[in-house]
Amino acid sequence: MQNLTQDGQNLVNSLSRRYNLSFDAVMHMLIAVNNGSGSMAQFNCPELGGGGQWMRGGMTMVGDMFNYGLKSTVDNLCNELANGLANMQVFMPLPKGSKSSNQWWPGDLGQPFSSGAQNSTRYAIFPNRLAVEVNGNVTVYDTLDNNIGGISQQQGGNSSLTFSSQYGTIPVNTLPIVSGPGSSNSNAHIQAPQQPAPQNNFVAAPAPMAFTQAPAMQTPQNLTNTASVDEVIQLIEKLAKLRDMGAISDNEYNSKKTDLLNRI
């Protein structure tokens, strides 16, 4: 447990007396609020109804959901703890990068442009890097070309982290690990996973459709000089349609037309 300064000791003792809570209960809530960067807290304190959640300016949840007096107590206590953390040195300073420090990530990452905490997890977002602390273990991920907009933790049995980017919602554990649990001891630099080589599933464009010319219309074998005018006219009409469709040429049409007319 991180040591308190004298101001921190006075704050916890004062709140313990005013809220009629034990020193350990107030200390538990102080750590929860500190882990939530002064804006939220996930806690499990028997003296405050067991498990619950507090959000500054938002909703307070306690185990006994209809105990409004308990909700008010938790809300007021957490607000006072958050104000104390913002206005005084409550904890003794720790070296940067240590697990209990407010700057728990590796020092060479610099300052994050966003950070937060939920339950036993803390995260900090840097250019091309994401640092995550889970139960005291810090892992640094390569964020590749993702523009991370936020981190969320699924509740219930699955405590996996996800982040939102321009590509949608993505599990954190799909990112390459730069350092921390799961990183390769043989490679100090972890490259982004290579995309699978494109398969040669190339589908050739269909060949241009070949239009074959319809065979010249054969003159019926049974068409004799005694053919009726109606039959000849019907055949000429069919020939004209074939010409209009491009199945026969004008010369072929004229030749057959002349031949048919000669048979009347």
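Here are the numbers for the structure shown:
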read-out: Residue in the range 121-134 that is β-branched (Val, Ile, Thr), modelled with pLDDT under 70 and either surrounded by 14 or more Cβ atoms within 10 Å (Cβ to Cβ) or part of a strand (DSSP E or B) (or both) present; value: no
read-out: Among residues of the range 13-30, those that are in contact with a Phe, Trp or Tyr (Cβ under 9 Å, 6 or more places away or on another chain) and surrounded by fewer than 21 Cβ atoms within 10 Å (Cβ to Cβ), counted; value: 4
read-out: Qualifying position, being over 22 Å from Arg122 (Cα atoms), of a type outside the set (D, E, K, R), more than 28 Å from the chain's Cα centre (by Cα) and not assigned by TED's automatic domain parsing to the domain that holds Gly136, among Leu30, Leu81, Leu70; value: Leu70
read-out: Those residues of the range 105-114 which are modelled with pLDDT of 75 or more and either closer than 30 Å to Gly51 by Cβ or among the aromatic types (Phe, Trp, Tyr) (or both), in sequence order; value: Trp105, Pro112
read-out: Residue list for the range 48-95, restricted to those being exposed (fewer than 15 other Cβ atoms within 10 Å of the Cβ) and in a helix (DSSP H, G or I); value: Tyr68, Gly69, Ser72, Asn76, Asn83, Ala86, Asn87
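The values are calculated or read from the model by the stated rules, or taken from the named source; none is laboratory data. In this text the structure is predicted, and so the values were computed from the model without any measurement. Cβ sites come from the backbone with ideal geometry, for glycine too, and all protein chains shown count toward neighbours.
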